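The values are calculated or read from the model by the stated rules, or taken from the named source; none is laboratory data. Since we're looking at a predicted model, the values are computed, not measured. Positions of Cβ are generated from backbone atoms using ideal geometry, with glycine treated the same way; all protein chains shown enter the neighbour counts. Note: accessible area is taken over every heavy atom of the protein model, side chains too, but ligands, DNA and RNA are not part of it. Shrake-Rupley method; radii C 1.70, N 1.55, O 1.52, S 1.80 Å.
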Amino acid sequence: LTTDFFTPVVDDPYEFGAVAAANALSDVYAMGGTPLTALNIVGFPEAELDVSVLGEILRGGAEKAREAGIDIVGGHTIKTDEPIYGLAVTGMVHPKKIASNAGGRPGDVLVLTKPLGIGIVTTAAKQDRDTAGAIGQAIRLMSTLNRAAAEAMATVPTHACTDITGFGLLGHLRNVAVASGCTAVVDLPRVPVIEAAWTYVREGIAP
């Protein structure tokens, strides 16, 4: 059982719903699990925004859930000052095949399923400084399910796994290292990064 929700990271309501849903589902995939059902978690400023905006957010979430092979079976909505959306997801995993962030071992290879730099690109877009137009790529990456990665992970011996979101690679890698009682080495030239993110962070744009 897991839940994840946040305020908008993109302007388009439909894309916001899809991104938030994919993010919530990733918490199940990161443990080697398979999602079963989900509940909507919604905060909406009905006095400031038309209800059609809420409809598009929910449509984005529902279609992403359907892509994952599950249904959203209910949820709860409250009035808030700004939109909030996410999911409470129920998943299933064999007890002996759970991937936590505490099983890392010396000699393990670190594998990323997506390039880094999404937070930098979304921050640039919020500041109207996305001169390279990279937000489209960031949205595609954020709304891509980690289902295929989870399925691939299940076919090989995996000691630890985590979902890299707000704390970035180093924040989450630090948690894995501490929980696993070991250290980690990052070879920066081998880390996949959205190209525009390098430009933006040199300009001082960072979340």
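Residues of region 62-72 that are small (Gly, Ala, Ser), within 16 Å of residue 29 (Cβ to Cβ) and surrounded by 15 or more Cβ atoms within 10 Å (Cβ to Cβ): 65, 68.
If you filter region 196-207 down to residues that are exposed (fewer than 15 other Cβ atoms within 10 Å of the Cβ) and touching a helix residue (DSSP H, G or I) at 6+ places or on another chain (Cβ under 9 Å), you find that the one that is farthest from residue 115 (Cα to Cα) is 203. Checked against (1) of a type in the set (Ser, Thr, Tyr); (2) at pLDDT 95 or above; (3) within 16 Å of the chain's Cα centre (by Cα), residue 80 passes all but a single condition, namely (3).
When 67, 48, 63 are screened for being among the acidic types (Asp, Glu) and farther than 14 Å from residue 145 by Cβ, only 48 passes. Under the condition of being assigned to a helix (DSSP H, G or I) and farther than 17 Å from residue 101 by Cα, which residue from region 143-166 is least open to solvent (accessible area, probe 1.4 Å)? Out of the qualifying residues, it is 152. With respect to being surrounded by fewer than 15 Cβ atoms within 10 Å (Cβ to Cβ), of a type outside the set (A, V, I, L, M) and not in a loop (DSSP other than H, G, I, E, B), residue 140 fits the description.
If you filter region 111-137 down to residues that are closer than 28 Å to residue 65 by Cα and assigned to a loop (DSSP other than H, G, I, E, B), you find that the one that is most open to solvent (accessible area, probe 1.4 Å) is 111.
Scanning region 82-110 for residues that are open to solvent by 40 Å² or more (accessible area, probe 1.4 Å), part of a strand (DSSP E or B) and of a type outside the set (Val, Ile, Thr) gives a single hit, 92. Checking each residue of region 181-191 against the condition of being open to solvent by less than 60 Å² (accessible area, probe 1.4 Å) and either closer than 20 Å to residue 28 by Cα or acidic (Asp, Glu) (or both) gives no match.
Exactly one of these conditions fails for residue 75: (1) over 26 Å from residue 170 (Cα atoms); (2) out of contact with any Leu (no Cβ under 8 Å at 6 or more places or on another chain); (3) surrounded by fewer than 19 Cβ atoms within 10 Å (Cβ to Cβ); (4) not aliphatic (A, V, I, L, M). Give me its number. So residue 75 meets the others, but not (2).
Applying a threshold of 6 Å to beta carbon distances and a minimum spacing of six or more residues, or different chains, the list of pairs starting in region 89-101 at a residue that is over 7 Å from residue 31 (Cβ atoms) and ending at one that is exposed (fewer than 12 other Cβ atoms within 10 Å of the Cβ) reads 90/1. Counting residues that are without any contact (Cβ under 8 Å) to a residue 40 or more places away in the chain and touching a His at 6+ places or on another chain (Cβ under 9 Å), which strands (runs of 3 or more DSSP E) fully inside region 1-81 reach at least 2? The strands (runs of 3 or more DSSP E) meeting that bar number zero.
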